[in-house]
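To start, the structure itself, in structure tokens.
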Amino acid sequence: AQTVTQSQPEMSVQEAETVTLSCTYDTSESNYYLFWYKQPPSRQMILVIRQEAYKQQNATENRFSVNFQKAAKSFSLKISDSQLGDTAMYFCAFMGGIYGGSQGNLIFGKGTKLSVKP
Amino acid sequence: DVKVTQSSRYLVKRTGEKVFLECVQDMDHENMFWYRQDPGLGLRLIYFSYDVKMKEKGDIPEGYSVSREKKERFSLILESASTNQTSMYLCASSSKVHTFGSGTRLTVV
């Protein structure tokens with residue numbers, strides 16, 4: 001069974017600095033998808049970034065980028081120029097490919113609570 | 001703007017009550033999901049549905065059932081609410097990417 005591990009329950013960063021959130025996963029599949037979701041105090045889950053495993057290029061979305069290491073099964077999120085609005089819970093999630101029998105559900109890590117300090 | 005709407009933001013119910021949590025999506029997605037979120041545990045899948053009247057158990061289905069009579073609506077049912085079902089419940093619909101509702105915080109007293 002696939003698992004997702006986020007080893008940092010809480011982190012803090014100063015405004016304008018860079019922070020990296022860690023995520024590792026375990027799977028025997030070769031084709032899958034990885035996600036980072038953000039959940040601010042409003043509770044709305046917001047997609048931050050998505051990575052397809054067969055793409056070697058790391059995904060980026062403005063200040064957010066990932067370091068995808070497929071062999072190491074690692075998928076870290078880097079937030080550059082941190083802003084107060086980045087304060088949130090961040091969840092790493094895995095979705096298997098259809099050939100692995102996935103029905104499209106997400107498997108989540110336990111989350112990292114990020115606080116951005118002024 | 002695409003939406004997943006959960007009917008209640010907060011609910012307080014008594015032990016033994018039958019509880020319905022409603023979720024409606026306007027994206028014509030076939031796949032819909034119910035997750036439960038607890039501190040320190042992340043999100044765990046309760047049930048999902050890939051078509052009208054079709055449902056599959058997730059990782060923690062015990063004490064729950066679901067109903068999907070129309071494509072846009074996916075209901076989570078607690079047949080007899082218990083205090084250990086006090087939690088945050090998140091609905092999502094998906095094509096390739098999950099879109100989540102804003103969650104229902106349920107307290108069972």
Original post:
Taking the Cα centre of each part, how many Å lie between the stretch A:1-35 and the stretch B:14-83?
Top reply: 26
Subject >> Per-residue HN-Hα couplings for the stretch B:60-70 [Karplus 6.51, -1.76, 1.60; θ = phi - 60°; Hz; x = Gly/Pro] >> reply: 9, x, 4, x, 10, 9, 9, 9, 9, 8, 10
**OP:** With +1 on each Lys and Arg Cβ and -1 on each Asp and Glu Cβ, and nothing else charged, work out how big the dipole of chain B is about its Cα centre, in Debye to the nearest 20.
**Re:** 200
**OP:** Note down the net charge around A:Pro9, summing +1 for each Lys or Arg and -1 for each Asp or Glu among other residues with Cβ under 12 Å from its Cβ.
**Re:** +1
Original post:
When we measure straight from the Cα of A:Lys55, which lysines land under 30 angstrom away, once same-chain ones fewer than 8 places off are left out?
Top reply: A:Lys38, A:Lys70, A:Lys73, A:Lys78, A:Lys110, A:Lys113, B:Lys3, B:Lys96
Subject >> Zone of B:Ser102's modelled label, taken as backbone nitrogen in the stretch B:66-96 under 16 Å from a point 7 Å along Cα→Cβ >> reply: B:89-92
Subject >> Over the stretch A:23-78 - Rg/Rh using Cα atoms and the Kirkwood inverse-distance radius >> reply: 0.99
Original post:
Can you tell which of B:Ile60, B:Ile46, B:Ile77 shows the greatest fluctuation in a Gaussian network model of chain B with Cα springs below 10 Å?
Top reply: B:Ile60
Original post:
In sequence order, what are the phi-derived ³J(HN,Hα) couplings for the stretch A:109-118 according to the Karplus relation 6.51 cos²θ - 1.76 cosθ + 1.60 with θ = phi - 60°, rounded to whole Hz, with x for glycine and proline?
Top reply: x, 7, x, 10, 8, 9, 10, 9, 9, x
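Report the trypsin sites (Lys or Arg not before Pro) located in the stretch A:16-55 that are in a DSSP loop and have at most 15 other Cβ atoms inside 10 Å of their Cβ, or state none.
In loop regions of the stretch A:16-55 (DSSP not H, G, I, E or B), the sparsely surrounded trypsin sites (Lys or Arg not before Pro) are A:Lys55.
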Original post:
Modelled label-to-label distance, A:Phe64 and A:Thr5, 7 Å Cα→beta-carbon offset: nm?
Top reply: 2.4
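Here, each number is a calculation from the coordinates, and none is a lab measurement. Values in this document were obtained by computation on a predicted structure and should not be read as measured data. Cβ coordinates were reconstructed from backbone atoms using ideal geometry, including for glycine residues, and neighbour counts include every protein chain displayed.
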